[in-house]
1. So which residues in the stretch 192-209 are in contact (Cβ under 8 Å) with a residue 40 or more places away in the chain and within 16 Å of the ligand (Cβ to nearest atom)?
2. If the requirement is being more than 30 Å from residue 131 (Cα to Cα) and out of contact with any helix residue (DSSP H, G or I) (no Cβ under 7 Å at 6 or more places or on another chain), which of these qualifies: 18, 6?
3. Looking only at residues in the stretch 149-191 that are polar (S, T, N, Q) and more than 16 Å from the ligand (Cβ to nearest atom), which one is surrounded by the fewest Cβ atoms within 10 Å (Cβ to Cβ)?
4. Can you name the helices (runs of 4 or more DSSP H) wholly within the stretch 155-248 that have at least 3 residues being at pLDDT 95 or above and small (Gly, Ala, Ser)?
5. Would you be able to say whether some residue in the stretch 219-228 is of a type in the set (Val, Ile, Thr) and more than 26 Å from residue 73 (Cβ to Cβ)?
6. What number of residues within the stretch 255-282 satisfy the criterion of being among the aromatic types (Phe, Trp, Tyr) and under 27 Å from the mean Cα position of the chain (by Cα)?
7. Take the stretch 208-229 and flag every residue that is surrounded by 18 or more Cβ atoms within 10 Å (Cβ to Cβ) and either among the aliphatic types (A, V, I, L, M) or under 23 Å from the mean Cα position of the chain (by Cα) (or both).
8. Inside the stretch 49-148, counting only strands (runs of 3 or more DSSP E) that do not spill past its ends, which hold 1 or more residues that are over 25 Å from residue 229 (Cα atoms), more than 16 Å from the ligand (Cβ to nearest atom) and out of contact with any Ser or Thr (no Cβ under 7 Å at 6 or more places or on another chain)?
Amino acid sequence: MIKLRKKNLPTALRQKLKVLQDPIDALMLYQDKVETAADVWNKKDAKAFQAVRGILEEMCPGVHRCVYCEDARGDDIEHFHPKKFYPEMTFVWENYLLACSVCNSNFKRDKFAIVDTTGQRHDLHRVKNAPVIAPPQGAPLLINPRYDNPIEYLQIDIARKFYIYPRLHLTGFDLERAKYTIETFQLNDRPELPRWRETAFRNFIGWIDTYAVHKADNDHKALKIHASALAKYSHLSVWEEIRRVYLSRIPATWEKLKARSERIRAIDRRFNAYPELLDITFIR
Ligand SMILES: [Zn+2]
């Protein structure tokens, strides 16, 4: 997961969303808001939403990759705050992300947890036939790649199995957020994900090696084309991680890491030779 590029919604589209949202907000009862929001969402004009989807695609990492797993195509407009609990966020641009159907429908669904001002955690859920009431005020546990910088919470173990772990220094609420996000999307338990991260690592190393060839040839045109291709790679979080690992290296432990891991040696050799590549980041 990486922090997404910021894109604004054109005024005309924003207005279209407002036209759909306003009647929901005007309802008196929370339960009516929930029911109407679901209804209006299901009946919305999919064509009008193509433009919204198009802008969300531009925000996605790589080429239209899912904002959560970075792996599959981001196909579903996903409400970060589920509309089932937050009907007031149903037609709000800032609440939209593009996720793959696996992350959206199999893993996140309506799962959402918040921590209230007293520090108490609430895992939101609805019991059948129980009164439909609004959730308490609170901060979401799930990391939101639109606003949060996931690399501040998550690290990828590139020396070993490409699992994602909470960053070591985290405590309290931040640690909870990292754990909750990893668990929600099963970022280590979907076996394909660590494998694709490993493949991404090899692709990035290969990219640097081709960069080296173009640079040795002094081929500026090829270098330019090659540089722009990097943004289209999948799992850009792996790029951000190798960059972070190298930039934050501490001499004493770095030597030990290098001795233990061929991958760390691979990064070390290449960034030593081409430190200018450390300027490339996709975090906006
Ligand atoms: Zn996904």
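1. 192, 193, 196, 197
2. Matching residue, one of 18, 6: 6.
3. 171
4. Because the criterion is at least 3 residues that are at pLDDT 95 or above and small (Gly, Ala, Ser), the helices (runs of 4 or more DSSP H) in the stretch 155-248 that meet it are 192-216.
5. no
6. Total meeting the criteria: 2.
7. The one that is surrounded by 18 or more Cβ atoms within 10 Å (Cβ to Cβ) and either among the aliphatic types (A, V, I, L, M) or under 23 Å from the mean Cα position of the chain (by Cα) (or both): 208.
8. Fully inside the stretch 49-148 and qualifying: 113-115, 121-123.
The values are calculated or read from the model by the stated rules, or taken from the named source; none is laboratory data. Note that the coordinates shown come from a computational prediction; the quantities given were computed from them, not determined experimentally. Neighbour counts are summed over all protein chains in view; Cβ atoms, including those assigned to glycine, are modelled from backbone coordinates with ideal geometry.
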